[in-house]
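We did not get these values from a lab; they are worked out from the coordinates using the rules stated. Computed from a prediction, not measured in an experiment: that's the story for all the values here. Ideal geometry is used to build each Cβ from the backbone, glycine not excepted, and the neighbour counts take in all protein chains shown.
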Amino acid sequence: MITKNSSENISEHLLLKQYRHIVDATNIVSKTDPRGVITYANKKFVEISGYSQEELLGRHHNILRNPDTPKSFFKELWQTIESKKIWHGVVTNIHKSGHRYTVDVHIFPLLDANGNIVEYMAIRYDITRLQELNDKVNALYAYDTAQQNIARKKLEMGIVNTLDAKTHNVIYQPSDILSGDFYSLYKLEDGSRFLYIIDGQGHGISPALSVFAVSSTINQLIKKIKNLEELRDELFPAIRTFLADEEQLSYTMLMIDKDSTKLSFASGGMYPFLLRSRNKKTVKAKANNLPFMNFFEDVVISEIDIKEYKSILIYSDGFVEDEESAIDGFSPFELIAKPELIDTTKEMLKEMKFQDDVTLLYLLI
């Protein structure tokens with residue numbers, strides 16, 4: 001006669017058999033004794049390893065060990081499971097034929113009624129193809145990053161600074177490997193000074209190439225021009241030849257005469273640059289042009305008498321339009337009033353990730 005208890009025991013046994021069948025049918029399973037000797041290997045384990053049941057049982061798992069895996073890896077694994085904790089990780093093993101395969105592994109310590117380890121069960125998932133795809137993606141990413149770094153170094157050769165370090169300060173924080181912001185500061189042969197920021201439209205290679213081309217052109221022209229008008233007349237027609245139809249450049253270009261009494265500027269699509277007077281007032285000088293596009297005909301140049309001013313600050317839109325609230329207290333107005341904060345701001349920005357390039361030039365007149 002089958003009692004209620006015996007019926008429940010039979011049902012539990014049937015359920016356990018089904019559970020085991022489900023686990024065996026969908027996972028790579030093995031069991032070992034407390035010393036790590038294999039006592040059970042299911043069909044999927046046999047298939048993925050290339051060894052037969054007879055070759056696996058009674059052996060340690062190191063029959064599959066990849067010699068490239070450091071000993072510290074297995075030391076940490078054993079420390080975990082011997083402390084009765086579940087270990088999880090990714091392991092690359094060696095098939096009997098010599099090829100490698102990768103599995104995602106969970107190892108479970110199984111305890112008796114007294115809490116002593118009696119065996120370990122390992123459940124694995126074959127992720128070899130996923131790992132191969134991941135390796136290919138990582139290799140492509142590494143190649144792309146390396147090429148962009150090479151390009152960045154070449155592009156940044158277009159940044160020139162010939163000013164005395166005591167008279168200026170620069171913040172330059174590209175948002176990506178290739179920057180759409182470029183700047184340079186020159187002291188010309190006659191003692192006048194010229195500086196600019198160019199902000200290309202968008203991100204990545206296209207604006208970086210455009211601003212590099214502008215910078216390279218300026219590097220050649222600056223050696224022979226005498227004033228901002230001459231630079232405008234030669235530079236902007238040249239820029240027009242390589243800008244795409246819908247591409248545009250924002251820019252601020254300033255020239256200070258040798259006596260530091262007159263400032264000429266052309267600015268398009270940029271925030272106002274700032275002038276700090278000797279009586280500690282900050283004045284905004286607004287852009288006098290639209291962003292430059294290849295169909296524009298004229299670029300206006302304006303002049304400012306700067307005998308009463310002591311410093312200038314120009315900056316790209318990334319400095320004020322980014323959502324990073326941590327720099328709210330370091331506005332351009334704050335920095336031109338307290339230039340000693342520029343170095344602090346520079347260090348702070350190094351720890352931040354911006355959505356746009358950030359450039360700021362501070363210059364004592």
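Projected area of the range 278-322, taken from the Cα convex hull and averaged over every viewing direction, in nm²?
Averaged projected area of the range 278-322's Cα convex hull equals 4.7 nm².
Give the Rg/Rh ratio for the range 48-167, taking Rg as the radius of gyration of the Cα atoms and Rh as the Kirkwood radius, to two decimals.
Radius of gyration over Kirkwood radius for the range 48-167 works out to 1.29.
Identify, among 48, 173, 61, the residue whose Cα sits farthest towards the positive end of the charge dipole of the chain, taking +1 on the Cβ of Lys and Arg and -1 on the Cβ of Asp and Glu, with the dipole about the Cα centre.
Working it through, the farthest residue towards the positive pole turns out to be 61.
Which residue fluctuates the most in the chain, going by a Gaussian network model with Cα springs under 10 Å, if the choices are 53, 18, 355?
18
So which aspartates and glutamates can residue 153 reach, going by Cα to Cα under 16 Å and dropping same-chain residues fewer than 8 places off?
Result set, ordered by chain and number: 144, 176, 181.
Per DSSP helix of 4 or more residues, -39500 (n - 2.57); summed, then divided by the residues of the chain. What does that give at 222 nm, rounded to the nearest 500?
It comes out at -10500 deg cm²/dmol, rounded to the nearest 500.
How would 179, 277, 260 line up from fewest to most surrounding beta-carbon atoms within 10 angstrom?
Taking fewest neighbouring Cβ atoms as first place, the list is 277, 260, 179.
Would you please name the trypsin sites (Lys or Arg not before Pro) within the range 332-365 that are DSSP coil residues with at most 12 other C-beta atoms within 10 Å of their C-beta? Intermediate results must be reported in sequence, preceding the final value.
Values: sites: 346, 350, 353; in loops: 350, 353.
Answer by residue number: 350, 353.
Can you run phi through the Karplus equation (6.51, -1.76, 1.60; θ = phi - 60°) for the range 112-126 and list ³J(HN,Hα) in whole Hz, with x for Gly and Pro?
8, 5, 8, x, 8, 6, 10, 6, 10, 10, 10, 10, 10, 10, 6
Here are labelled values, [x] 0.95; [y] 1.11; [z] 1.65, and one is the computed Cα Rg over 2.2 N^0.38 Å for what I pasted. Which one?
Only one option fits the structure, namely [z].
Given springs between every Cα pair under 10 Å in a Gaussian network model of the chain, which of 171, 81, 312 has the largest fluctuation?
Per the Cα network of the chain with a 10 Å cutoff, 81 tops the list.
Rounded, prolate or oblate: which one fits the range 264-343, using the alpha carbon gyration tensor with axes a ≥ b ≥ c (rounded when a/c is under 1.5, else prolate when a/b beats b/c, else oblate)?
Numbers: a/c = 3.46, a/b = 1.26, b/c = 2.74.
It is oblate, given that a/c is not under 1.5 and a/b is not larger than b/c.
Among all helices in the chain defined by DSSP H, which have a length of 15 Å or more along the axis from Cα atoms plus a Kyte-Doolittle mean of at least 1.0?
Qualifying helices, which must be both long enough and hydrophobic enough, are 205-221.
Using the Karplus curve 6.51 cos²θ - 1.76 cosθ + 1.60 with θ = phi - 60°, work out ³J(HN,Hα) for each residue of the range 188-197 in order, rounded to whole Hz, and write x for Gly and Pro.
7, 4, 7, x, 6, 10, 9, 9, 7, 10
Please sort by residue number the GluC sites (Glu not before Pro) in the range 124-230 whose DSSP state is loop and whose Cβ has at most 12 other Cβ atoms within 10 Å.
Filter output for the range 124-230: 189.
For the chain, set up a Gaussian network in which alpha carbons nearer than 10 Å are linked by springs, and say which option among 147, 173, 201 fluctuates the most.
Judging by the Gaussian network model, the answer is 147.
What base-10 log of the normalised intensity I(q)/I(0) is obtained for the range 74-129 from the Debye formula, alpha carbons as equal point scatterers, at q = 0.12 Å⁻¹?
Log10 I(q)/I(0), no solvent term: -0.34.
Got a sec to turn the phi values of the range 171-179 into Karplus ³J(HN,Hα) couplings, 6.51 cos²θ - 1.76 cosθ + 1.60 with θ = phi - 60°, whole Hz, x for Gly and Pro?
10, 9, 10, x, 7, 9, 4, 9, 9
Could you tell me the ratio Rg/Rh of the range 157-364? Both radii from Cα atoms, Rh via Kirkwood.
Using only Cα positions, Rg/Rh for the range 157-364 is 0.94.
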